[in-house]
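So the structure is just underneath, and the comments pick up after that.
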Amino acid sequence: MHVPDGFLSPQVCLPAYAACAPLWAWAARRHLGRDAVETLPVVGTLTALAFVVQTIAIPVPGGTSTHLVGVTLLALLYHPLLAFACQSLVLLVQALFFGAGGVTVLGVNALAMGLLGPLAGWLAWRGLRPLFPRAALFVAGWLSTQAATLGVAGALALQHRLDPAYFPVPPAATLAAMGLPSLAVAGVVEGLFTTFALALVRKARFRGVEA
Amino acid sequence: MRFRAHASIARALLAVAWLAPAAARAHQATHEVARGSAIAVRALEDGQGMAGAAWQVFSPSDAARPHQQGLTDTHGWLAFVPDAPGAWRVRVVEEDGHGLDVLVEAGPTAAVPTPRPAGWQRSAVGVVAVAAAFVVLFVTYRRRPRA
């Protein structure tokens with residue numbers, strides 16, 4: 001799902017960084033500051049878990065593959081802004097150590113996978129939880145994948161419109177190539193992961209996690 | 001008289017036969033095989049070759065105009081023949097936004113790139129890096145109580 005370095009121009013990357021900077025500062029102050037010291041072990045463990053699930057390739061018909069994101073769990077347990085900060089850290093490690101994604105496109109990837117996805121999942125969960133508590137978790141995971149996919153596809157479509165030399169594939173082809181695996185495979189697996197992982201975390205009764 | 005005419009025809013035929021190979025180049029398609037002069041790059045996504053993906057190669061002297069372009073083969077391979085040493089930019093773009101944009105060194109002193117770590121190594125390094133960031137935060141807050 002990551003956009004690699006070189007696929008987006010500075011016209012897209014710089015505004016994304018400008019949007020991310022205050023959100024990173026806000027998230028760090030509110031959710032990773034001194035007041036949050038009790039939750040740091042659990043948040044760190046779930047961030048590491050998100051890193052691991054993002055390295056697991058899920059085969060998709062047609063020869064390609066997809067992967068989970070895994071940070072919607074953090075949005076549901078704590079706050080979407082914390083999920084954004086943690087996903088940004090995961091993306092930074094992937095870019096610096098393994099060349100996955102990239103530093104220039106970090107802002108775009110963080111906004112799509114770290115903010116849009118978890119925020120959509122969190123909103124769906126808040127809305128559906130009173131009516132269908134268990135289904136709300138699955139829908140949150142599924143919807144977060146669709147929102148993240150739309151965010152990445154939107155950035156690539158914008159780039160194609162601004163300068164196709166950076167990304168030559170037309171938006172309709174990109175949306176079809178990304179959307180179908182996301183709707184049918186990645187979203188379903190993310191929904192199941194969110195449901196079961198949250199049940200396990202609640203059962204473990206970690207410090208700082210609501211039962 | 002008749003013998004002289006035959007001799008002239010024979011001389012003319014000999015001249016044509018002698019000149020023909022040189023003149024015959026006009027519509028001749030030839031080929032040459034140079035082994036070891038091309039650079040082959042395999043584009044991989046999660047260990048699988050990116051089959052049928054669009055690719056472009058840019059020479060070190062012209063970053064704007066592709067030196068060569070095409071589609072990867074069924075195993076994700078592409079190949080090009082560099083005409084100058086230096087860092088050649090290789091871009092592979094898949095429809096779903098996956099792909100790569102890398103520099104490939106060409107020339108007699110070009111270094112072979114080191115292979116990327118395997119999946120479990122990536123997971124292990126990533127977990128350690130993420131954990132280290134949180135441990136640093138945790139220890140810092142614990143050691144310095146609020147003023």
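The values are calculated or read from the model by the stated rules, or taken from the named source; none is laboratory data. For clarity, every value in this text was computed on a predicted model and none was experimentally measured. When we count neighbours, we look across all protein chains shown, and the Cβ atoms used for this are built from the backbone with ideal geometry, even at glycine. Ligands, DNA and RNA are stripped out before the accessible areas are found, and what is left, the full protein with its side chains, is counted by its heavy atoms. Shrake-Rupley method; radii C 1.70, N 1.55, O 1.52, S 1.80 Å.
Filtering segment A:19-47 to residues that are of a type in the set (Asp, Glu) and either in contact (Cβ under 8 Å) with a residue 24 or more places away in the chain or assigned to a loop (DSSP other than H, G, I, E, B) (or both) leaves only A:Glu38. Counting only helices (runs of 4 or more DSSP H) that fall entirely inside segment A:92-172 and contain at least 3 residues that are open to solvent by less than 50 Å² (accessible area, probe 1.4 Å), within 14 Å of chain B (Cβ to nearest Cβ) and closer than 19 Å to A:Trp24 by Cβ, the qualifying elements are A:133-162. Can you report the number of residues in segment A:1-40 which are open to solvent by 40 Å² or more (accessible area, probe 1.4 Å) and in contact with a strand residue (DSSP E or B) (Cβ under 9 Å, 6 or more places away or on another chain)? Number of matching residues: 1. Does B:Val90 qualify as being at pLDDT 90 or above, within 12 Å of chain A (Cβ to nearest Cβ) and surrounded by fewer than 16 Cβ atoms within 10 Å (Cβ to Cβ)? The answer is no for B:Val90. The set of residues in segment A:179-189 being of a type in the set (Ser, Thr, Tyr) and open to solvent by 20 Å² or more (accessible area, probe 1.4 Å) is empty. Of the residues making up segment B:31-51, those that are open to solvent by 50 Å² or more (accessible area, probe 1.4 Å) and either of a type in the set (Lys, Arg) or more than 14 Å from the chain's Cα centre (by Cα) (or both) are B:His31, B:Glu32, B:Val33, B:Ala34, B:Arg35, B:Arg42, B:Asp46, B:Gly47, B:Gln48, B:Ala51.
Quick one: is A:Ala176 open to solvent by less than 40 Å² (accessible area, probe 1.4 Å) and in a helix (DSSP H, G or I)? For A:Ala176, the condition - open to solvent by less than 40 Å² (accessible area, probe 1.4 Å) and in a helix (DSSP H, G or I) - is not met. Report yes if A:Val69 is within 12 Å of chain B (Cβ to nearest Cβ) and outside any helix (DSSP H, G or I), otherwise no. Answer is no for this residue.
For B:Ala64, the stated conditions hold: it is facing another protein chain (nearest Cβ under 9 Å), among the aliphatic types (A, V, I, L, M) and part of a loop (DSSP other than H, G, I, E, B).
When A:Ala83, A:Ala50, A:Ala16 are checked against the criterion of being more than 21 Å from B:Val139 (Cα to Cα), in contact (Cβ under 8 Å) with a residue 40 or more places away in the chain and under 13 Å from the mean Cα position of the chain (by Cα), a single residue qualifies: A:Ala50. For segment A:79-86, indicate whether the set of residues that are away from chain B (no Cβ under 11 Å) and either surrounded by fewer than 21 Cβ atoms within 10 Å (Cβ to Cβ) or among the basic types (Lys, Arg) (or both) is non-empty. There is at least one residue in segment A:79-86 that is away from chain B (no Cβ under 11 Å) and either surrounded by fewer than 21 Cβ atoms within 10 Å (Cβ to Cβ) or among the basic types (Lys, Arg) (or both).
Of all the listed residues (A:Arg129, A:Arg134, A:Arg161, A:Arg205), the sole one being more than 15 Å from the chain's Cα centre (by Cα) and at positive phi is A:Arg205.
In segment A:173-207, of all residues being under 17 Å from B:Ala53 (Cβ atoms) and out of contact with any strand residue (DSSP E or B) (no Cβ under 6 Å at 6 or more places or on another chain), the one that is farthest from the other protein chains (Cβ to nearest Cβ) corresponds to A:Ala176.
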